[in-house]
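Undergrad: Here's a structure for you.
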Amino acid sequence: METEYGIIRDEVESYDVVEESMALVRRCEMKSEFGNWAYSRERSHRDMRGFNVGSLAQDDEEDAFCTEDKNRPYSYWEMKSDRVLENGARFYNDHTHPEYSTPECGSVFQLVVHDLAGERIVFECARLRNQDGEPGTVCVFKNNTDYIGHSYGTHDNYLISRRLPFDYWVERLVPFL
C-alpha cells in the first residue's frame, strides 16, 4: 500500500515543497538497502493490455514538472531521494510530497502494522527535519490534496507479469475494488 503525505512549512511565507519533501526523506535514519530505484524500466505509456498509448492526461503536467525540475540544482536521483528500507518499504519524494510504500504483506494485520510503521518513520523524519534550525515548522499529514490543484491518496500497487492476459487480472482484481 502506498500512502502519500502532505507537507507544509508553517510560519514561512515562501518555500519549495519539492526541496522540503527531499529534505524530509533524507532525514530518514534507517539504512537504505540499495542506491537507486530502477526508473529506466518504467514505461508510463505501456498499457497492460500489450500496447503503447499515444498520450496520457498527465503528460502536460509531467512535462511542466520536468521543465521546472531541469532548473533545479539537483539530479533526478537527488530529487526522488529514493530509499528502500530494511523492512522492505520504499520511502521517497513523489514530485511534491513524501510517499511511503509498505512492503508486500500477507495479511491485513501485517498491512496495518507496516502502515503504522510508515507513519512513525515519516513523523520521525519531520521531527528531525525540524531540528535543522531553519525557520518555521515542517508538518506532514495524511491527506488527499496539496491545495494547488493536485489530488492523491493511499492506493495499492501491484507488480504483476505482463505475460498473463489482461482479462485474467480483471477477473481477479475488480471484485476487490
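Undergrad: So, in the range 1-16, of the ones that are among the hydrophobic types (A, V, I, L, M, F, W, C) and over 14 Å from the mean Cα position of the chain (by Cα), which residue ends up nearest to A126 (Cα to Cα)?
TA: Looking at residues that are among the hydrophobic types (A, V, I, L, M, F, W, C) and over 14 Å from the mean Cα position of the chain (by Cα), I get I8.
Undergrad: Output the residues belonging to the range 112-137 that are farther than 14 Å from R9 by Cβ, under 17 Å from the mean Cα position of the chain (by Cα) and aliphatic (A, V, I, L, M).
TA: Result: L116, A117, I121, V122.
Undergrad: Right, another one. For D167, are the conditions met, namely being under 30 Å from R49 (Cβ atoms), acidic (D, E) and modelled with pLDDT under 85?
TA: No: the conditions fail for D167.
Undergrad: List every residue pair whose Cβ atoms lie under 6 Å apart, where the two residues are 6 or more positions apart in sequence or sit on different chains, the first residue falls within the range 1-23 and is closer than 29 Å to V112 by Cα, and the second residue, located anywhere, is in a loop (DSSP other than H, G, I, E, B) and of a type in the set (F, W, Y).
TA: Final answer for the pair search is E4/Y152; R9/Y15.
Undergrad: Name the residues in the range 122-164 that are aliphatic (A, V, I, L, M) and either modelled with pLDDT under 85 or part of a loop (DSSP other than H, G, I, E, B) (or both), would you?
TA: I148, L159, I160, L164
Undergrad: Scan the range 1-17 residue by residue and report those that are touching a Gly at 6+ places or on another chain (Cβ under 8 Å) and surrounded by fewer than 12 Cβ atoms within 10 Å (Cβ to Cβ).
TA: D10, E11
The values are calculated or read from the model by the stated rules, or taken from the named source; none is laboratory data. Computed from a prediction, not measured in an experiment: that's the story for all the values here. Please note: Cβ atoms are built from the backbone with ideal geometry, for glycine as well, and neighbour counts cover all protein chains shown.
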